[in-house]
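Computed from the coordinates by the stated procedures, all read-outs in this text should not be read as laboratory data. These figures come from a predicted structure and were not determined experimentally. All Cβ positions, even for glycine, are placed from backbone atoms using ideal geometry, and neighbour counts span all protein chains on display.
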Amino acid sequence: NAGVTQTPKFRVLKTGQSMTLLCAQDMNHEYMYWYRQDPGMGLRLIHYSVGEGTTAKGEVPDGYNVSRLKKQNFLLGLESAAPSQTSVYFCASTKTGYTEAFFGQGTRLTVV
Amino acid sequence: GQQVMQIPQYQHVQEGEDFTTYCNSSTTLSNIQWYKQRPGGHPVFLIQLVKSGEVKKQKRLTFQFGEAKKNSSLHITATQTTDVGTYFCAATNTNAGKSTFGDGTTLTVKP
């Protein structure tokens with residue numbers, strides 16, 4: 001049982017490039033989330049999904065898009081990367097909106 | 001949106017000293033969760049509190065949920081170097097339908 005898996009684990013992008021981060025969970029959870037964490041700061045919610053085919057904006061959605069075409073996968077896209085998007089990105093999933101969150105290992109993204 | 005304040009932001013202790021972090025919400029919560037993130041790692045679930053005034057213990061860790069269900073605390077007795085990391089609370093408001101994380105308290109322990 002792998003839990004929540006994020007790919008890739010590390011990535012360096014040039015300003016203006018695009019990329020997609022993949023999050024996969026094998027726990028049949030309804031809710032999935034994307035957070036970013038900057039040094040010395042907490043977790044800021046980018047986008048989330050309460051079920052297959054649905055997405056919603058979090059606290060810091062600008063510059064990101066998401067898709068939840070399959071229940072087990074939640075994709076985070078950066079269309080035109082900016083240095084301000086240098087961060088560690090965490091994906092998480094929960095069974096409902098009130099249950100414990102399971103986090104992936106994180107993706108460390110650097111935009112130069 | 002829901003505001004969750006966590007204090008202190010940083011805490012440095014000598015090994016063996018106690019440590020407490022506090023989480024405060026502006027609204028009544030349906031539950032609160034606590035997570036630990038080791039340096040370089042990802043947040044890991046510790047516990048969930050649901051009932052007013054609830055107290056739960058895990059070895060040297062004591063978790064409390066306030067009577068008004070607006071605040072919570074995590075207390076570590078006799079810290080060890082293995083306790084280092086950032087402790088986050090995640091508060092859930094029934095109307096919000098999802099949790100809001102506090103900014104975390106980063107604990108360093110000097111041996």
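Rank these for me by crowding, A:His47, B:His75, going from fewest to most other beta carbons within 10 Å.
Ordered from fewest to most neighbouring Cβ atoms within 10 Å, A:His47, B:His75 come out as B:His75, A:His47.
Counting only other chains, what is the mean number of Cβ atoms within 10 angstrom of the Cβ of each residue in peptide A:101-109?
Whole-number average of other-chain Cβ neighbours for A:101-109 is 3.
If we sort B:80-89, B:5-14 on the protection proxy, mean other Cβ atoms within 10 Å, highest first, what's the order?
B:80-89, B:5-14
Where the Cα atoms of segment A:50-98 are projected onto their three principal axes, how long is each span, largest first, in whole Å?
Between the extreme Cα coordinates on each principal axis of segment A:50-98 lie 34, 21, 16 Å.
What shape does chain A have by the C-alpha gyration tensor, where a ≥ b ≥ c are the square roots of the eigenvalues, rounded means a/c under 1.5, and otherwise prolate means a/b greater than b/c and oblate the rest?
prolate
What do you get when you divide the Cα radius of gyration of chain B by 2.2 N^0.38 Å, with N the number of residues?
1.02
Starting from the Cα of A:Asp62, step 7 Å toward the Cβ, then list every residue of segment B:1-38 with an amide N under 17 Å from that point.
Taking a point 7 Å out along Cα→Cβ of A:Asp62, no residue of segment B:1-38 has its backbone N under 17 Å.
Taking the Cα centre of each part, how many Å lie between segment A:44-97 and segment B:14-62?
If you average the Cα positions of each part, the centres end up 26 Å apart.
Over the protein assembly as shown, consider all pairs of different Cα atoms and compute the Kirkwood hydrodynamic radius from their mean reciprocal separation; express it in Å, one decimal.
18.0
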